[in-house]
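For reference, the structure discussed in these notes is given below.
The values are calculated or read from the model by the stated rules, or taken from the named source; none is laboratory data. Treat the numbers as computed from the prediction; the structure is a model and nothing was measured. Note: ideal-geometry Cβ built from the backbone for every residue, glycine included; neighbour counts use all protein chains shown.
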Amino acid sequence: MGTRSVRLDEESENVLDVATKLSGSSISDVIKHGLQLVQKEINQNRNAIEFFDSFDIGEGGEALGDARDASQLIKQKLRNAKR
């Protein structure tokens with residue numbers, strides 16, 4: 001059995017608080033149940049892209065390009081910054 005520390009934003013903290021109060025379950029039990037729900041989603045024959053796309057993490061656009069080209073892209077970005 002492992003012990004984990006997690007940082008929760010205010011919204012997640014509120015959800016956890018409500019879930020524990022309404023269910024009468026401990027924080028650990030609510031989190032374990034949440035993990036079981038995530039596992040069920042993963043097991044629904046969804047690929048990794050579909051699974052992670054289901055999370056609303058907002059707009060991206062910070063990437064310079066593909067990870068496999070990162071070294072070259074960073075060098076190019078640095079050259080352009082010197083101008």
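When only residues in the range 56-70 that are at pLDDT 80 or above and loosely packed, with under 10 Cβ neighbours inside 10 Å count, which is farthest from the chain's Cα centre (by Cα)? Break it down into steps so the answer makes sense when it comes.
Step one: filter the range 56-70 for residues at pLDDT 80 or above, giving 66-70.
Okay, now just the ones that are also loosely packed, with under 10 Cβ neighbours inside 10 Å, so 66-68.
Values: Asp66: 20, Ala67: 19, Arg68: 22 Å.
So, considering only residues that are at pLDDT 80 or above and loosely packed, with under 10 Cβ neighbours inside 10 Å, the one farthest from the chain's Cα centre (by Cα) is Arg68.
Any chance the range 40-51 includes a residue that's at pLDDT below 75, of a type outside the set (D, E, K, R) and either in contact with a Leu (Cβ under 8 Å, 6 or more places away or on another chain) or within 26 Å of Val18 (Cα to Cα) (or both)?
Yes: one or more hits.
If you check every pair at least six apart or on different chains, which have Cβ atoms under 9 Å apart with a residue in the range 25-51 that is closer than 16 Å to Leu8 by Cβ first and a residue that is modelled with pLDDT under 90 and surrounded by 10 or more Cβ atoms within 10 Å (Cβ to Cβ) second?
Once the first residue is closer than 16 Å to Leu8 by Cβ and sits in the range 25-51, its partners that are modelled with pLDDT under 90 and surrounded by 10 or more Cβ atoms within 10 Å (Cβ to Cβ) give Val38/Phe51.
When the residues of the range 17-36 are filtered to those that are in a helix (DSSP H, G or I) and among the polar types (S, T, N, Q), which remaining residue is surrounded by the most Cβ atoms within 10 Å (Cβ to Cβ)?
Result: Thr20.
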